1. Would you check which residues across segment 93-114 are over 16 Å from Ile184 (Cα atoms) and either touching a residue at least 40 places away in the same chain (Cβ under 8 Å) or open to solvent by less than 40 Å² (accessible area, probe 1.4 Å) (or both) and list them?
2. Specify the residue that is nearest to Asn124 (Cα to Cα); the eligible residues are those in segment 183-219 that are open to solvent by less than 50 Å² (accessible area, probe 1.4 Å) and of a type in the set (A, V, I, L, M).
3. Sort through Asn279, Asn256 and tell me the only one that's over 30 Å from Thr40 (Cα atoms), polar (S, T, N, Q) and at pLDDT below 95.
4. Looking only at segment 264-280, filter to residues that are within 13 Å of the chain's Cα centre (by Cα) and open to solvent by less than 20 Å² (accessible area, probe 1.4 Å); which one of those is nearest to Trp477 (Cα to Cα)?
5. Just the residues that are closer than 16 Å to Tyr495 by Cβ and open to solvent by less than 50 Å² (accessible area, probe 1.4 Å), please, taken from segment 568-591.
6. Answer with yes or no whether Gln481 is in contact (Cβ under 8 Å) with a residue 60 or more places away in the chain and surrounded by fewer than 22 Cβ atoms within 10 Å (Cβ to Cβ).
7. Being more than 23 Å from Ala253 (Cα to Cα) and open to solvent by 30 Å² or more (accessible area, probe 1.4 Å), is that true of even one residue in segment 82-90?
8. Please work out which residue is most open to solvent (accessible area, probe 1.4 Å), limiting yourself to segment 1-39 and to residues that are closer than 17 Å to Pro141 by Cα, modelled with pLDDT under 95 and of a type outside the set (A, V, I, L, M, F, W, C).
Amino acid sequence: MRIFTPLLLIALMAFNPLSAEGTREVAPNGSIVINGNTTTDIAALHINHPNYNNFAAFNGTDPQSRLYIHVVDPSTECLYLGFNWAHNNVTSPDPPRINFQYQIKDPNGNIVFGPVTVTPIEANIQTWAQGFTGPMQINGPSGYNATQVTSTMLKSQGWTGKGDYYIEFRDDENNDLLIDFWDITVADCSSPSPMPKTGRIWSYNWSFFAINDFNFPNRPFNGAFYVCAPDPDEEHSSFVTKIDFNQSGFRPAAFNVAFNSFGSFNTGNVNEDRKSVMNTNATQAEYAIFLNDPIDICGTATVGEISIQGVSRCNEGDYCIKFTTTKAGQVDLLLDFDGPDNMYTPGTADRVISKTVIADEVGKPTCIPWDGLDGLGNPLPENVGTQIPITLAFAQGIYHFPIYDAELMTNGFMIASIRPAAAVSLLFYDDSNISVSSLSGEPATQLTGCMPPCHRWTNYTMPNTPGFGNLHTINSWWFSQLIIRQDVFFLPAFYTCAIEGPNRFCSGGTSELSINPVVSPAGAESPQIFSTNWSGPGIVGDVTGSSITINEGGTYSVTTRWITNLGDTCETSCEYEVTVDPPKEDEIDTLIVQGETIEINGETFSEGGTFIQNLTTGEGCDSVLTINIIMLSTVIHYDMNDCESNMDYGTHMDYSEFI
C-alpha cells in the first residue's frame with residue numbers, strides 16, 4: 001500500500017515558502033477522502049496514450065503534445081527533476097510498478113540530458129509529500145533529492161539563448177504509462193543558494209489521469225492552471241487567468257486539458273463554434289498552459305474600452321450596430337427585446353450576435369450586421385417610435401475550455417484574472433446541442449453569464465454509455481476582461497426609391513421624370529441626400545438633378561445616395577419604363593350617292609376622292625386619317641319577291657335569311 005505523510009507535517013508545509021512545479025500545483029491536497037479512504041490528491045502524468053495526443057512521448061513529433069521547460073538563460077539556470085515510479089492504468093490502490101526512461105532536448109531537438117532510467121526503487125520521489133515539497137536542494141530535507149541538469153548540460157549542444165526545452169518519457173515497451181508524483185523545477189543556479197523560477201513548465205495540451213485506485217470515476221482532479229491568452233495588439237503581452245479545479249467535483253479519470261480562443265470548432269462562426277458537441281472529441285489546443293503565473297514569459301496586456309456609436313440602416317433588413325474599441329477582442333451584442341431585462345432569454349424575442357474585433361479594426365467605427373429580425377424571426381414594427389434596446393459586452397482575454405469525456409463536474413470550477421487584475425469573470429456556455437440533461441438544474445444555455453462555480457453536470461451512468469459529459473465535448477468560455485455598455489435607440493430612417501412621371505409620350509416630343517424618395521418609417525427625419533444619378537437612352541441635359549427631361553423611350557434608372565445619422569453612405573436604385581407613341585395612321589373607305597354628303601370628324605364631304613385629315617389623339621399625339629370616298633351615280637334596286645326560298649330548312653316564303 002502507499003505510504004502517506006502524517007497530516008501534521010503536511011499542514012506545517014503549507015505555511016512554508018516552498019517552491020516546486022508539478023505535484024504541488026496539480027495535486028494540492030494532502031488529505032482527501034474517496035469512498036471512505038483517506039488519501040492524497042494524485043494527478044498522474046499520462047504519457048504516450050494515442051487517445052490523449054501521445055502527451056510527452058519519446059521522440060514525439062507533435063509540438064502541441066510536448067511538455068516544455070522554459071529556460072531564460074542557459075548560462076545561469078539549471079533544472080531539478082524528480083519522479084515517482086511508473087505504472088499502467090489498473091483499478092488498484094497498489095498497482096504494479098514499472099521502469100521508465102526520460103530525456104531532455106533543447107529547442108533545436110538535440111538531446112542534452114539522458115536517457116535516464118527510473119526504477120521503482122531508485123525513483124527519487126516516493127510520496128506525495130516529497131513531490132509537493134520540491135527539491136531538497138532548494139527547500140531542505142523534507143523535499144526529494146533532485147536530479148540536476150546543469151547549465152553546462154543545457155548548453156552542451158550549442159543552444160545559448162532563451163527557449164523552450166522539452167522532456168520526453170517511455171517505458172521499456174514504449175506503451176502508455178502513468179507517473180503519479182513528479183516535479184520539474186527551474187532555478188537560477190549562479191549562486192550557492194539556488195533560486196527557483198516558477199511559471200516555467202507548460203504545455204499546449206496536458207494529459208493527466210486522476211487514477212482509478214478507488215474505482216472509476218471516483219478520484220477528483222483538484223489542480224489548477226494558468227493560461228496565457230495573447231493580446232492581439234501587443235506582441236509578448238497576454239491576459240493571464242487561473243483556472244482552479246480544487247473542490248470542483250471534476251472527476252474525469254484520463255483527460256486532456258486544452259484552451260483556445262474559439263471553442264469546439266474554428267470555422268469563424270462565433271455563435272456555432274462555441275457550442276458543446278455530442279459524440280466528438282473537439283478539444284483543440286491553442287493557448288500555452290502553465291502551472292504557475294508565467295511572469296518571465298507572458299507580459300501583461302492592456303485593458304481596452306468600448307463605446308456605442310448608434311444604429312443605422314440602408315434598407316429594411318440591413319442594420320449596422322456601430323461601436324468603437326480601443327483594443328482587439330470579442331463583442332457580444334444582446335438585442336434585449338424580451339423585457340428588457342439586460343439578460344438573454346432563450347426561446348424569446350431576445351437575440352445575441354457576436355463579432356471578433358481584429359487588430360486592423362481597433363480605433364475604427366465597426367459594424368455588427370443585423371437583419372432586423374428578433375429572436376423569433378419577426379421584423380420590428382416599421383414605426384418611428386419603435387425602440388431597439390442594445391447591450392454590448394466587450395471582452396478581452398477570451399478563454400474557451402472544451403473538455404472531452406469528462407464524466408462529472410458536480411460543483412464547478414473557479415476562475416480568476418491574474419494579470420491584468422479584474423473582478424471574477426462570469427462563465428458562459430451553450431449546451432443546446434447536447435440531447436442529454438446535465439441533471440444539475442442549470443439552464444442548457446447560458447449566454448448572459450453565471451457566477452462561478454457553475455456549469456455543472458451530474459449525469460453519468462457507465463463508461464460506455466453517453467451521459468452528459470461522458471463521450472461528449474463540453475465547452476465553457478469566459479473573459480479576462482469584460483466591459484458592458486447599454487443604450488436604447490429608435491428605429492433609424494432609410495430611403496426607398498420611387499420615380500414619378502408619364503409612362504408614355506408622343507414621338508417627336510419630350511417628357512419629364514422625377515425622383516420621389518420615400519423615407520421609412522413614416523414621420524422620421526429625412527436623411528441628407530448627397531447625390532442623384534440618372535441613366536437611360538434619351539436624357540436631355542443634366543443627369544444629376546431630382547428630375548430629367550427625356551426624348552426617347554426605354555428603361556430609365558436612378559440611384560440616390562444619402563448619409564445616415566452615423567455618417568454611413570447608403571444608396572437606393574429603381575427603374576422606370578417609358579414608351580414613345582409614334583404618329584397614328586388610319587384609313588377609311590366609304591361610298592356616297594351622288595347628290596348626298598357624308599360628315600367625318602366634323603368635315604363634310606359631297607364628292608368622291610381621297611382626302612387627308614391631320615388630327616390629335618387623346619394623348620396629344622399626331623394622327624393622320626386617309627379617307628377614300630367613291631361616288632355612286634346609279635342606284636340599282638333588287639326585288640326579292642320573285643325568289644323562292646329553300647324549303648329544306650323548314651321555312652316557306654320567308655326572306656329573313658337573306659341579307
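1. Selection gives Pro93, Asp94, Pro95, Ile98, Asn99, Phe100, Pro107, Asn108, Gly109, Asn110, Ile111.
2. Within segment 183-219, the match that is nearest to Asn124 (Cα to Cα) is Ile184.
3. After applying the criteria, what remains is Asn279.
4. Here the residue is Arg274.
5. Asp568, Cys570, Thr572, Cys574, listed by residue number.
6. no
7. Checked segment 82-90: no residue is more than 23 Å from Ala253 (Cα to Cα) and open to solvent by 30 Å² or more (accessible area, probe 1.4 Å).
8. Here the residue is Pro17.
The values are calculated or read from the model by the stated rules, or taken from the named source; none is laboratory data. This is a predicted model, so every value here is computed, not measured. Virtual Cβ from ideal backbone geometry, glycine too; neighbours counted across all protein chains shown. Please note that ligands, DNA and RNA were not included when accessible areas were found on the heavy atoms of the full protein model with its side chains. Shrake-Rupley method; radii C 1.70, N 1.55, O 1.52, S 1.80 Å.
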